[in-house]
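Asker: The structure's right below; bear with me while I get my questions together.
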Amino acid sequence: MERALYGVGFDPFAAGFEADPYPVYRQLRTRAPVHKMLRGPWLVTRYADCEAILRDARFSADERHLPAFVQLQAKLVRRQILSPEEAGRAPSLLRLDPPEHTRQRRFVSRYFTPRRIDQLRAPLEQLAELRMRRARERGSMDVIRELAQPLPFLAIATALGIPESDRGQLRAWSDELVLTLGPTTLDTRRRSIESQRSFRAYLRPLVRARAQDPGDDLVSELVRARDLRDPQAEHEVLETCTLLLVAGHETTSNWIGNSIGALLTHPEQLAWLRTHPERTGEALEELLRFDPPVQLTSRIALEDVVLSKRKIRRGDEVVLVLGAANRDPEVYPDPDSLDLSRNPERQLSFGAGIHFCLGASLARLEAEIALNAWLRHANHVTLMGPVERRTGMVLRGLRELRGHWPEARSDA
């Protein structure tokens, strides 16, 4: 990637960046908080600017507002892996503006009620307790594979009404769908598209069955007020389910893994939390601020806008670096320190404005259950080996996080 202007180097492929991008973010925020790449988007790193753009109707989430030549370049790539029908589909809810965004979000939000979320508490607590008991008896665990991933996956599979016998395949599709959020090649894009096709093919008869005989799941809520004889209506349902599979599983898994990883590398904060268990909810907000699972999002300017004395032109893409905004010293004193006693209510990890995360309440429930179960069973757990991070700028998470109970047998 090109080096940036103003003497500020920004290279996400540089050695060490993925392990700790925050010093680079701090440099950008200090020297060039609204910063144009030589041949690329603007990077915005201050909290106030990121929050303002997320709430500003002059900035669109819809990538169809990018300049025609940029869209043409993307189309040339997509033609190699997509059919004409796939290439012409409307974007998902995540990349829509009002009034379409408002209409589709209304259907989804009907599912995420306090009653439905609370119904998931008991099965999630049972799963977390089971996983932690087994790990403690064995004397070691991979926190990611055994705790951080299973809980959010159970929640989204239950929400979609996926039978237990099919959930292994669902998990495999989810793993492939996120490939395009990291460094991509044509091969990884093809694999992701093939998984999307398979998932949609699996969902289609399920969607039609729910239209005839609705249940209490999310798919039923999405089809309740739609006429599925309209191909666009069916596409919307399938696209929304695909989005929720990725957003509802991957991001919360990373939040849980990042949080436990941070506690294991900040023993003084872990000790504080053990003496203040009633503060777990607030602690999770600080952990989310400190190392968010979603590092950035983007918008497109619909008109010329001046931001911090820099002129962003209509059609320019603006990348909001949420990981940098969450460490802005104008908002958080000593922002590079993990301080579980603070309550960072305004952190931007769930976004802001009309695209604020629909599943935030469910994600908070999953993270709290996972962390409480880990705290109950993981006294004196120590790290086994180095922390292995996943690749990619958008999502930040751990590939593996192995812990060891010192009282366990050496051959356990």
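The values are calculated or read from the model by the stated rules, or taken from the named source; none is laboratory data. Please read these numbers as outputs of a predicted model, since none were measured by experiment. Because the Cβ atoms are built from the backbone with ideal geometry, glycine has one as well, and the counts that use them run over all protein chains shown.
Asker: Suppose we filter region 202-224 for residues that are within 28 Å of the chain's Cα centre (by Cα) and in a loop (DSSP other than H, G, I, E, B); how many remain?
Answerer: Summing the residues that are within 28 Å of the chain's Cα centre (by Cα) and in a loop (DSSP other than H, G, I, E, B) in region 202-224 gives 4.
Asker: With (1) within 28 Å of G323 (Cα to Cα); (2) out of contact with any helix residue (DSSP H, G or I) (no Cβ under 8 Å at 6 or more places or on another chain); (3) among the charged types (D, E, K, R) as the list, and E250 as the residue in question, which single condition is left unmet?
Answerer: Only one criterion in (1) within 28 Å of G323 (Cα to Cα); (2) out of contact with any helix residue (DSSP H, G or I) (no Cβ under 8 Å at 6 or more places or on another chain); (3) among the charged types (D, E, K, R) is unmet by E250, namely (2).
Asker: Let me ask something additional. Taking R390, is it charged (D, E, K, R), over 20 Å from E51 (Cα atoms) and either within 21 Å of the chain's Cα centre (by Cα) or at pLDDT 95 or above (or both)?
Answerer: Criteria met by R390.
Asker: Let me ask you something else. Given the criteria among the small types (G, A, S), within 26 Å of T240 (Cα to Cα) and surrounded by fewer than 18 Cβ atoms within 10 Å (Cβ to Cβ), does S165 qualify?
Answerer: Yes, satisfied.
Asker: Checking P335 against (1) at pLDDT 95 or above; (2) within 30 Å of Q119 (Cα to Cα); (3) not aliphatic (A, V, I, L, M), only one condition comes out false. Which one?
Answerer: Only one criterion is unmet by P335, namely (2).
Asker: May I pose another question? The conditions are (1) over 17 Å from the mean Cα position of the chain (by Cα); (2) crowded, with 19+ Cβ neighbours inside 10 Å; (3) not β-branched (V, I, T), and R314 fails exactly one of them. Which is it?
Answerer: (2)
Let's see how each residue does on (1) of a type in the set (A, V, I, L, M, F, W, C); (2) buried (at least 17 other Cβ atoms within 10 Å of the Cβ); (3) modelled with pLDDT of 80 or more:
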position: F10; (1), (2), (3): yes, yes, no
position: L28; (1), (2), (3): yes, yes, yes
position: P33; (1), (2), (3): no, yes, yes
position: M37; (1), (2), (3): yes, no, yes
position: W42; (1), (2), (3): yes, yes, yes
position: R46; (1), (2), (3): no, yes, yes
position: R58; (1), (2), (3): no, no, yes
position: R64; (1), (2), (3): no, no, yes
position: Q73; (1), (2), (3): no, no, no
